[in-house]
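The values are calculated or read from the model by the stated rules, or taken from the named source; none is laboratory data. Just so it is clear, the structure is predicted and the values come from calculations on it, not from any experiment. Positions of Cβ are backbone-derived with ideal geometry, glycine not excepted, and every protein chain shown enters the neighbour counts.
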Amino acid sequence: MTLDNALTGVNDHLRGLLPPEIFAVLEADRRRAATDFAEVGAKIDDFTLPAADGTATSLSELVADGPAVLVFYRGQWCPYCNLTLRTYQRELLPELEKLGATLAAISPQKPDGVVPELGFPVLSDVGSTVARGLRLSYPVSAPVREAMETLGTNLEEVNGTWELFHPAVVVVDRDRVLRFVDVHPDFVTRTEPADILKALQPTVSR
């Protein structure tokens, strides 16, 4: 089963669980138009972000020995994100290790001391500084905010602000140059592991 198929299954399951009016608002939000993202070839600044337990990781550390795959996701409250990260843990991480590449996930969620059971760094970009530099962050609309609050998710408490990331995967080489950028304004979709591995080949062959 592809990641896309699994995510569609999660969405179909939620369709049956959520009140129809709430699900309709979230479905409408999937169709947002957004295209002005950072492009392949751009060089990004180094950054240092904390993990849930306060341990700091910098981009320069992640690319010290090879390229880094950075996964931008919405937060641990997002079922689509959790499925994606578990899939990357199972299908992508072992292959990256063979290629000498690293993997890290980044969300706007505040570090809360709860360490996800994953074999790669899960970092907090509180204030969306890194994501904003890649033009991946956006303010949550009033209807979506109301829907999320109805479901018990208050991003003001979780993130410190009502701002989210477009889910995305970027590959950064040792010179901090973007070699692959795949952004998903439709938050139910994500980058397939096979596509990430394919994008890495020119980078690890350099």
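I'd like the full set of residues that are assigned to a helix (DSSP H, G or I) and under 14 Å from residue 109 (Cα atoms), limited to region 133-166. Spell out how you get there, then give the answer.
Keep residues of region 133-166 that are assigned to a helix (DSSP H, G or I), which gives 133, 142-150, 155-158.
Selection gives 155, 156, 157, 158.
Taking residue 47, is it aromatic (Phe, Trp, Tyr) and in contact with a Gly (Cβ under 9 Å, 6 or more places away or on another chain)?
Values: aromatic (Phe, Trp, Tyr): yes; in contact with a Gly (Cβ under 9 Å, 6 or more places away or on another chain): yes.
Against the criterion (aromatic (Phe, Trp, Tyr) and in contact with a Gly (Cβ under 9 Å, 6 or more places away or on another chain)), residue 47 qualifies.
Cβ contacts < 6 Å: first residue part of a strand (DSSP E or B), restricted to region 167-181; second residue charged (D, E, K, R), any location; separation 6+ or different chain. Result?
Taking only residues 6 or more apart or on different chains, the pairs are 169/182; 171/179; 177/43; 179/173.
Name the residues in region 84-107 that are surrounded by 17 or more Cβ atoms within 10 Å (Cβ to Cβ), free of Cβ contacts under 8 Å to residues at least 60 places away in the same chain, closer than 27 Å to residue 11 by Cβ and not hydrophobic (A, V, I, L, M, F, W, C), would you?
89, 107 - these are the residues of region 84-107 that are surrounded by 17 or more Cβ atoms within 10 Å (Cβ to Cβ), free of Cβ contacts under 8 Å to residues at least 60 places away in the same chain, closer than 27 Å to residue 11 by Cβ and not hydrophobic (A, V, I, L, M, F, W, C).
Since residue 62 meets every condition but one in (1) at positive phi; (2) within 17 Å of the chain's Cα centre (by Cα), which condition does it not meet?
(1)
Quick check, is residue 56 touching a strand residue (DSSP E or B) at 6+ places or on another chain (Cβ under 9 Å), without any contact (Cβ under 8 Å) to a residue 60 or more places away in the chain and among the small types (Gly, Ala, Ser)?
On the way: touching a strand residue (DSSP E or B) at 6+ places or on another chain (Cβ under 9 Å): yes; without any contact (Cβ under 8 Å) to a residue 60 or more places away in the chain: yes; among the small types (Gly, Ala, Ser): yes.
Yes.
Restricting to region 105-114, and then to whatever is at pLDDT 90 or above and hydrophobic (A, V, I, L, M, F, W, C), can you tell me which residue is farthest from residue 84 (Cα to Cα)?
Only one residue fits best here, namely 106.
Yes or no, residue by residue, for (1) out of contact with any strand residue (DSSP E or B) (no Cβ under 6 Å at 6 or more places or on another chain); (2) modelled with pLDDT of 95 or more; (3) among the acidic types (Asp, Glu):
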site	(1), (2), (3)
103	no, yes, no
116	no, no, no
119	yes, no, no
123	no, yes, no
128	no, no, no
134	yes, yes, no
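Return the only residue of 42, 38 being modelled with pLDDT of 95 or more and at negative phi. It would help to see each step written out before you state the result.
Values: 38 fails: modelled with pLDDT of 95 or more.
Answer to the selection: 42.
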